[in-house]
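Worksheet for the structure shown next.
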Amino acid sequence: MPALLYVQTSGIDTPERLYSPFILAQTAKAMGIDAIIYFLGMGITVVKKGNAEKIKMGQFPGLKEVMDQAVKAGVKLMVCEQSCQLISLAKGDFVPEAEIVGAATLNDLVLEADGTMWF
Amino acid sequence: MPALLYVQTSGIDTPERLYSPFILAQTAKAMGIDAIIYFLGMGITVVKKGNAEKIKMGQFPGLKEVMDQAVKAGVKLMVCEQSCQLISLAKGDFVPEAEIVGAATLNDLVLEADGTMWF
Amino acid sequence: MPALLYVQTSGIDTPERLYSPFILAQTAKAMGIDAIIYFLGMGITVVKKGNAEKIKMGQFPGLKEVMDQAVKAGVKLMVCEQSCQLISLAKGDFVPEAEIVGAATLNDLVLEADGTMWF
(Lines give C-alpha, C1' and ligand atoms only; values in the text may rest on other atoms or scores of the structure.)
Protein backbone atom coordinates (compact mmCIF):
# COMPACT_ATOMS: atom_id res chain seq x y z
CA MET A 1 0.00 0.00 0.00
CA PRO A 2 1.40 3.44 -0.86
CA ALA A 3 1.85 5.78 2.11
CA LEU A 4 1.50 9.53 2.40
CA LEU A 5 2.90 11.63 5.24
CA TYR A 6 1.24 14.94 6.11
CA VAL A 7 3.23 17.34 8.31
CA GLN A 8 1.48 20.16 10.16
CA THR A 9 4.00 22.87 11.10
CA SER A 10 1.43 25.65 11.61
CA GLY A 11 -0.56 26.24 14.78
CA ILE A 12 -4.04 27.28 15.80
CA ASP A 13 -3.34 30.95 15.01
CA THR A 14 -3.68 30.00 11.31
CA PRO A 15 -6.99 28.04 11.25
CA GLU A 16 -7.12 28.13 7.42
CA ARG A 17 -4.04 25.85 7.34
CA LEU A 18 -5.47 23.18 9.64
CA TYR A 19 -8.24 21.46 7.67
CA SER A 20 -6.18 20.33 4.67
CA PRO A 21 -4.10 17.54 6.25
CA PHE A 22 -7.14 15.93 7.90
CA ILE A 23 -9.26 16.12 4.74
CA LEU A 24 -6.44 14.92 2.47
CA ALA A 25 -5.43 12.11 4.84
CA GLN A 26 -9.02 10.89 5.17
CA THR A 27 -9.34 11.03 1.37
CA ALA A 28 -6.09 9.08 1.10
CA LYS A 29 -7.44 6.27 3.30
CA ALA A 30 -10.56 6.11 1.11
CA MET A 31 -8.20 5.76 -1.90
CA GLY A 32 -6.37 2.82 -0.30
CA ILE A 33 -3.38 4.93 0.71
CA ASP A 34 -1.87 4.77 4.20
CA ALA A 35 -1.81 8.16 5.95
CA ILE A 36 0.02 9.67 8.92
CA ILE A 37 -0.27 13.27 10.13
CA TYR A 38 2.84 14.44 11.98
CA PHE A 39 2.59 17.55 14.18
CA LEU A 40 5.73 19.64 14.51
CA GLY A 41 6.61 23.04 16.01
CA MET A 42 3.52 25.15 16.60
CA GLY A 43 1.59 22.46 14.76
CA ILE A 44 1.43 20.46 17.98
CA THR A 45 -1.09 22.98 19.35
CA VAL A 46 -3.65 21.52 16.92
CA VAL A 47 -3.72 18.24 18.85
CA LYS A 48 -3.55 19.87 22.27
CA LYS A 49 -6.68 18.83 24.17
CA GLY A 50 -9.54 21.26 23.71
CA ASN A 51 -8.06 23.31 20.86
CA ALA A 52 -9.67 21.68 17.80
CA GLU A 53 -13.05 22.25 19.45
CA LYS A 54 -12.53 26.01 19.14
CA ILE A 55 -11.89 26.01 15.38
CA LYS A 56 -14.54 26.21 12.70
CA MET A 57 -14.31 27.85 9.28
CA GLY A 58 -17.16 28.95 7.02
CA GLN A 59 -19.56 26.17 6.00
CA PHE A 60 -17.12 23.48 7.15
CA PRO A 61 -17.76 21.29 10.19
CA GLY A 62 -15.69 22.08 13.28
CA LEU A 63 -12.06 20.94 13.19
CA LYS A 64 -12.61 18.45 16.02
CA GLU A 65 -15.25 16.64 13.96
CA VAL A 66 -12.93 16.56 10.93
CA MET A 67 -10.09 15.24 13.12
CA ASP A 68 -12.31 12.54 14.63
CA GLN A 69 -13.44 11.43 11.16
CA ALA A 70 -9.83 11.16 10.02
CA VAL A 71 -8.89 9.07 13.08
CA LYS A 72 -11.94 6.85 12.55
CA ALA A 73 -10.84 6.33 8.92
CA GLY A 74 -7.51 5.01 10.22
CA VAL A 75 -5.29 8.09 9.95
CA LYS A 76 -2.47 8.02 12.54
CA LEU A 77 -1.52 11.16 14.51
CA MET A 78 2.07 11.69 15.72
CA VAL A 79 3.55 14.51 17.80
CA CYS A 80 7.21 15.60 17.80
CA GLU A 81 8.73 15.21 21.26
CA GLN A 82 11.29 18.00 20.79
CA SER A 83 8.50 20.39 19.80
CA CYS A 84 6.75 19.59 23.08
CA GLN A 85 9.90 20.73 24.89
CA LEU A 86 10.21 23.82 22.66
CA ILE A 87 6.67 24.96 23.40
CA SER A 88 6.53 23.54 26.96
CA LEU A 89 3.68 21.08 26.52
CA ALA A 90 3.58 17.72 28.33
CA LYS A 91 2.46 14.27 27.15
CA GLY A 92 -0.85 14.51 28.98
CA ASP A 93 -1.73 17.74 27.18
CA PHE A 94 -2.62 16.00 23.90
CA VAL A 95 -5.64 14.16 22.55
CA PRO A 96 -5.30 10.44 23.35
CA GLU A 97 -5.02 9.48 19.66
CA ALA A 98 -1.77 11.42 19.28
CA GLU A 99 1.42 9.40 19.78
CA ILE A 100 4.54 11.26 20.98
CA VAL A 101 7.66 10.30 18.97
CA GLY A 102 11.31 11.45 18.83
CA ALA A 103 13.05 13.62 16.20
CA ALA A 104 14.68 10.70 14.43
CA THR A 105 11.20 9.36 13.65
CA LEU A 106 10.41 12.17 11.19
CA ASN A 107 13.60 11.54 9.20
CA ASP A 108 12.63 7.87 8.93
CA LEU A 109 9.00 8.60 8.07
CA VAL A 110 10.02 11.01 5.28
CA LEU A 111 12.45 8.48 3.82
CA GLU A 112 9.84 5.68 3.97
CA ALA A 113 6.84 7.67 2.65
CA ASP A 114 5.85 7.63 -1.01
CA GLY A 115 5.07 11.33 -0.72
CA THR A 116 5.01 14.11 1.87
CA MET A 117 2.88 17.23 2.28
CA TRP A 118 3.74 20.28 4.38
CA PHE A 119 1.27 22.69 5.92
CA MET B 1 10.29 13.57 -18.40
CA PRO B 2 10.72 14.15 -14.64
CA ALA B 3 7.93 16.14 -13.01
CA LEU B 4 8.00 18.61 -10.13
CA LEU B 5 4.96 19.71 -8.16
CA TYR B 6 4.96 23.11 -6.45
CA VAL B 7 2.30 23.72 -3.80
CA GLN B 8 1.42 27.25 -2.74
CA THR B 9 -0.28 27.21 0.68
CA SER B 10 0.38 30.89 1.52
CA GLY B 11 -1.75 33.80 0.36
CA ILE B 12 -1.29 37.37 -0.80
CA ASP B 13 -0.66 38.61 2.74
CA THR B 14 2.83 37.06 2.43
CA PRO B 15 4.07 38.43 -0.92
CA GLU B 16 7.65 37.26 -0.26
CA ARG B 17 6.43 33.63 -0.47
CA LEU B 18 4.71 34.01 -3.86
CA TYR B 19 7.52 34.46 -6.41
CA SER B 20 9.43 31.24 -5.72
CA PRO B 21 7.02 28.65 -7.19
CA PHE B 22 6.58 30.61 -10.44
CA ILE B 23 10.33 31.21 -10.86
CA LEU B 24 11.27 27.64 -9.94
CA ALA B 25 8.55 26.12 -12.15
CA GLN B 26 9.57 28.24 -15.12
CA THR B 27 13.20 27.26 -14.52
CA ALA B 28 12.09 23.61 -14.35
CA LYS B 29 10.42 23.82 -17.77
CA ALA B 30 13.65 25.31 -19.20
CA MET B 31 15.48 22.31 -17.68
CA GLY B 32 13.16 19.83 -19.41
CA ILE B 33 11.19 19.11 -16.25
CA ASP B 34 7.38 19.10 -16.19
CA ALA B 35 5.93 21.56 -13.68
CA ILE B 36 2.57 22.05 -11.97
CA ILE B 37 1.74 24.71 -9.36
CA TYR B 38 -1.09 23.67 -7.06
CA PHE B 39 -2.86 26.35 -5.01
CA LEU B 40 -4.28 25.28 -1.65
CA GLY B 41 -5.81 27.04 1.36
CA MET B 42 -5.05 30.77 1.34
CA GLY B 43 -2.75 30.06 -1.60
CA ILE B 44 -5.77 30.17 -3.90
CA THR B 45 -5.94 33.96 -3.40
CA VAL B 46 -2.78 34.21 -5.54
CA VAL B 47 -4.69 33.10 -8.64
CA LYS B 48 -7.84 35.06 -7.81
CA LYS B 49 -8.43 37.49 -10.68
CA GLY B 50 -6.79 40.86 -10.13
CA ASN B 51 -4.62 39.90 -7.12
CA ALA B 52 -1.27 39.15 -8.78
CA GLU B 53 -1.45 42.58 -10.42
CA LYS B 54 -1.18 44.18 -6.97
CA ILE B 55 2.03 42.41 -5.96
CA LYS B 56 5.54 43.60 -6.74
CA MET B 57 8.68 43.16 -4.65
CA GLY B 58 11.93 45.14 -4.86
CA GLN B 59 13.64 45.05 -8.27
CA PHE B 60 11.50 42.09 -9.39
CA PRO B 61 8.83 42.39 -12.09
CA GLY B 62 5.23 42.34 -10.88
CA LEU B 63 3.86 38.93 -9.85
CA LYS B 64 1.33 38.94 -12.71
CA GLU B 65 4.15 39.19 -15.24
CA VAL B 66 6.05 36.34 -13.55
CA MET B 67 2.87 34.23 -13.50
CA ASP B 68 2.20 34.92 -17.19
CA GLN B 69 5.76 33.95 -18.11
CA ALA B 70 5.43 30.68 -16.20
CA VAL B 71 2.13 29.86 -17.94
CA LYS B 72 3.68 30.73 -21.33
CA ALA B 73 6.56 28.35 -20.52
CA GLY B 74 4.02 25.55 -20.05
CA VAL B 75 3.58 25.52 -16.29
CA LYS B 76 0.10 24.26 -15.31
CA LEU B 77 -1.91 25.97 -12.53
CA MET B 78 -4.38 23.99 -10.40
CA VAL B 79 -6.72 25.16 -7.65
CA CYS B 80 -8.07 23.03 -4.78
CA GLU B 81 -11.88 22.87 -4.91
CA GLN B 82 -12.28 22.34 -1.15
CA SER B 83 -10.17 25.44 -0.49
CA CYS B 84 -12.56 27.44 -2.67
CA GLN B 85 -15.37 26.33 -0.36
CA LEU B 86 -13.29 27.07 2.75
CA ILE B 87 -12.54 30.65 1.66
CA SER B 88 -15.84 31.17 -0.21
CA LEU B 89 -14.48 31.77 -3.71
CA ALA B 90 -16.29 30.59 -6.85
CA LYS B 91 -14.95 29.08 -10.08
CA GLY B 92 -15.36 32.36 -11.99
CA ASP B 93 -13.17 34.20 -9.47
CA PHE B 94 -9.91 32.77 -10.79
CA VAL B 95 -7.58 33.53 -13.69
CA PRO B 96 -8.65 31.46 -16.71
CA GLU B 97 -5.41 29.44 -16.72
CA ALA B 98 -6.20 27.96 -13.30
CA GLU B 99 -7.99 24.60 -13.36
CA ILE B 100 -10.21 23.70 -10.36
CA VAL B 101 -9.61 20.14 -9.13
CA GLY B 102 -10.82 17.98 -6.22
CA ALA B 103 -8.98 16.98 -3.03
CA ALA B 104 -8.12 13.50 -4.27
CA THR B 105 -6.12 15.11 -7.07
CA LEU B 106 -3.42 16.41 -4.75
CA ASN B 107 -2.84 12.98 -3.21
CA ASP B 108 -2.40 11.56 -6.71
CA LEU B 109 -0.17 14.42 -7.89
CA VAL B 110 2.14 14.02 -4.88
CA LEU B 111 2.42 10.27 -5.41
CA GLU B 112 3.14 10.71 -9.13
CA ALA B 113 5.61 13.63 -8.87
CA ASP B 114 9.38 13.09 -8.79
CA GLY B 115 9.59 15.85 -6.20
CA THR B 116 7.37 18.34 -4.39
CA MET B 117 7.99 21.84 -3.02
CA TRP B 118 5.87 23.62 -0.40
CA PHE B 119 5.55 27.38 0.01
CA MET C 1 24.02 7.06 1.57
CA PRO C 2 20.41 8.36 1.60
CA ALA C 3 20.06 12.15 1.47
CA LEU C 4 17.52 14.47 3.05
CA LEU C 5 16.93 18.05 1.98
CA TYR C 6 15.54 20.54 4.49
CA VAL C 7 14.15 23.81 3.11
CA GLN C 8 13.69 26.83 5.38
CA THR C 9 11.19 29.26 3.82
CA SER C 10 10.35 31.11 7.06
CA GLY C 11 12.38 33.95 8.54
CA ILE C 12 13.49 35.21 11.94
CA ASP C 13 10.04 36.65 12.68
CA THR C 14 8.90 33.04 13.32
CA PRO C 15 11.59 31.73 15.72
CA GLU C 16 9.54 28.61 16.54
CA ARG C 17 10.03 27.41 12.93
CA LEU C 18 13.82 27.74 12.92
CA TYR C 19 15.12 25.00 15.22
CA SER C 20 13.57 21.99 13.47
CA PRO C 21 15.72 21.85 10.30
CA PHE C 22 18.98 22.15 12.25
CA ILE C 23 17.96 19.53 14.83
CA LEU C 24 16.57 17.13 12.22
CA ALA C 25 19.57 17.56 9.90
CA GLN C 26 22.02 16.96 12.72
CA THR C 27 20.03 13.89 13.74
CA ALA C 28 20.09 12.75 10.10
CA LYS C 29 23.91 12.91 9.99
CA ALA C 30 24.05 10.84 13.19
CA MET C 31 21.81 8.29 11.43
CA GLY C 32 24.16 8.06 8.44
CA ILE C 33 21.96 10.24 6.24
CA ASP C 34 23.37 13.11 4.17
CA ALA C 35 21.73 16.45 5.00
CA ILE C 36 21.48 19.85 3.31
CA ILE C 37 19.53 22.85 4.60
CA TYR C 38 18.45 25.20 1.82
CA PHE C 39 17.37 28.75 2.75
CA LEU C 40 14.78 30.36 0.51
CA GLY C 41 12.69 33.56 0.60
CA MET C 42 12.61 35.07 4.09
CA GLY C 43 14.39 31.92 5.26
CA ILE C 44 17.68 33.46 4.15
CA THR C 45 17.47 35.87 7.10
CA VAL C 46 18.25 32.91 9.38
CA VAL C 47 21.80 32.65 7.98
CA LYS C 48 22.34 36.41 7.77
CA LYS C 49 25.34 37.22 9.96
CA GLY C 50 24.35 38.07 13.52
CA ASN C 51 20.73 36.93 13.37
CA ALA C 52 20.94 33.41 14.83
CA GLU C 53 22.69 34.90 17.85
CA LYS C 54 19.50 36.80 18.72
CA ILE C 55 17.24 33.73 18.80
CA LYS C 56 16.67 31.50 21.79
CA MET C 57 13.53 29.60 22.75
CA GLY C 58 12.57 28.20 26.14
CA GLN C 59 15.04 25.68 27.56
CA PHE C 60 16.75 25.24 24.18
CA PRO C 61 20.27 26.49 23.48
CA GLY C 62 20.52 29.60 21.30
CA LEU C 63 19.93 29.07 17.58
CA LYS C 64 23.54 29.98 16.73
CA GLU C 65 24.80 27.13 18.89
CA VAL C 66 22.36 24.69 17.27
CA MET C 67 23.43 25.92 13.80
CA ASP C 68 27.13 25.53 14.65
CA GLN C 69 26.55 21.98 15.92
CA ALA C 70 24.75 21.07 12.69
CA VAL C 71 27.59 22.47 10.56
CA LYS C 72 30.14 20.64 12.70
CA ALA C 73 28.17 17.41 12.14
CA GLY C 74 28.57 17.90 8.38
CA VAL C 75 25.26 19.53 7.47
CA LYS C 76 25.62 21.78 4.40
CA LEU C 77 23.93 25.22 4.26
CA MET C 78 22.82 26.70 0.92
CA VAL C 79 21.23 30.07 0.16
CA CYS C 80 19.01 30.88 -2.83
CA GLU C 81 20.58 33.62 -4.98
CA GLN C 82 17.23 34.92 -6.28
CA SER C 83 15.98 35.29 -2.71
CA CYS C 84 19.01 37.47 -1.96
CA GLN C 85 17.91 39.77 -4.78
CA LEU C 86 14.29 39.68 -3.61
CA ILE C 87 15.18 40.75 -0.08
CA SER C 88 18.21 42.87 -1.06
CA LEU C 89 20.92 40.98 0.78
CA ALA C 90 24.47 40.59 -0.61
CA LYS C 91 26.85 37.62 -0.58
CA GLY C 92 28.92 39.10 2.23
CA ASP C 93 25.88 39.36 4.49
CA PHE C 94 25.76 35.64 5.28
CA VAL C 95 27.57 33.32 7.67
CA PRO C 96 30.67 31.93 5.92
CA GLU C 97 29.33 28.33 5.97
CA ALA C 98 26.39 29.29 3.72
CA GLU C 99 26.96 28.73 0.00
CA ILE C 100 25.00 30.94 -2.44
CA VAL C 101 23.44 28.93 -5.29
CA GLY C 102 21.10 29.63 -8.22
CA ALA C 103 17.41 28.78 -8.61
CA ALA C 104 18.04 25.76 -10.82
CA THR C 105 19.95 24.17 -7.93
CA LEU C 106 16.84 23.68 -5.81
CA ASN C 107 15.01 21.85 -8.61
CA ASP C 108 18.00 19.52 -8.95
CA LEU C 109 18.37 19.03 -5.18
CA VAL C 110 14.69 18.12 -4.80
CA LEU C 111 14.87 15.62 -7.67
CA GLU C 112 18.05 14.03 -6.26
CA ALA C 113 17.01 13.91 -2.58
CA ASP C 114 15.47 10.80 -1.02
CA GLY C 115 13.14 13.08 0.92
CA THR C 116 12.46 16.78 1.48
CA MET C 117 11.14 18.76 4.46
CA TRP C 118 9.66 22.24 4.34
CA PHE C 119 9.59 24.73 7.20
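The values are calculated or read from the model by the stated rules, or taken from the named source; none is laboratory data. Predicted, not measured: the structure shown is a model, and the values here were computed from it. Note: ideal-geometry Cβ built from the backbone for every residue, glycine included; neighbour counts use all protein chains shown. Note: accessible area is taken over every heavy atom of the protein model, side chains too, but ligands, DNA and RNA are not part of it. Shrake-Rupley method; radii C 1.70, N 1.55, O 1.52, S 1.80 Å.
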A:LYS91 vs (1) over 20 Å from B:GLN82 (Cα atoms); (2) at pLDDT 95 or above; (3) open to solvent by 20 Å² or more (accessible area, probe 1.4 Å); (4) more than 14 Å from chain C (Cβ to nearest Cβ): all pass except (2)
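Only one of B:TYR6, B:TYR19 is of a type outside the set (Gly, Ala, Ser), under 25 Å from C:CYS84 (Cα atoms) and touching a residue at least 60 places away in the same chain (Cβ under 8 Å). Can you tell me which? Working first, answer last.
Details: B:TYR19 fails: touching a residue at least 60 places away in the same chain (Cβ under 8 Å).
Sole residue among the options that is of a type outside the set (Gly, Ala, Ser), under 25 Å from C:CYS84 (Cα atoms) and touching a residue at least 60 places away in the same chain (Cβ under 8 Å): B:TYR6.
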Exactly one of (1) away from chain C (no Cβ under 14 Å); (2) open to solvent by less than 40 Å² (accessible area, probe 1.4 Å); (3) in contact (Cβ under 8 Å) with a residue 24 or more places away in the chain is unmet by A:THR27. Its number? (3)
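Among the residues of segment C:10-24 satisfying the criterion of being more than 9 Å from the chain's Cα centre (by Cα) and more than 9 Å from chain A (Cβ to nearest Cβ), which is most open to solvent (accessible area, probe 1.4 Å)?
Looking only at segment C:10-24, we keep the residues that are more than 9 Å from the chain's Cα centre (by Cα), and these are C:10-17, C:19-20, C:23-24.
Adding the requirement that they be more than 9 Å from chain A (Cβ to nearest Cβ) leaves C:11-13, C:15.
Numbers: C:GLY11: 3, C:ILE12: 65, C:ASP13: 122, C:PRO15: 42 Å².
Per the stated criteria, the residue is C:ASP13.
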Filtering segment B:30-56 for residues that are surrounded by 19 or more Cβ atoms within 10 Å (Cβ to Cβ) and in a helix (DSSP H, G or I) leaves a count of 8
Filter segment B:57-88 down to the residues that are free of Cβ contacts under 8 Å to residues at least 24 places away in the same chain and outside any helix (DSSP H, G or I), then identify the one that is most open to solvent (accessible area, probe 1.4 Å). B:GLN59
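Among the residues of segment B:89-119, how many are more than 25 Å from A:ALA25 (Cα to Cα), part of a helix (DSSP H, G or I) and in contact (Cβ under 8 Å) with a residue 24 or more places away in the chain? Before the answer, list the steps.
Within segment B:89-119, the subset more than 25 Å from A:ALA25 (Cα to Cα) is B:92-97.
In the following step, the residues that additionally are part of a helix (DSSP H, G or I) were identified as B:92-93.
Pick out the ones that are also in contact (Cβ under 8 Å) with a residue 24 or more places away in the chain and you get B:93.
Adding up the residues that qualify gives 1.
Which residue, of A:ALA35, A:ALA73, is within 11 Å of chain B (Cβ to nearest Cβ) and aliphatic (A, V, I, L, M)? Full working, then the answer.
Details: A:ALA73 fails: within 11 Å of chain B (Cβ to nearest Cβ).
Testing whether each residue is within 11 Å of chain B (Cβ to nearest Cβ) and aliphatic (A, V, I, L, M) leaves just A:ALA35.
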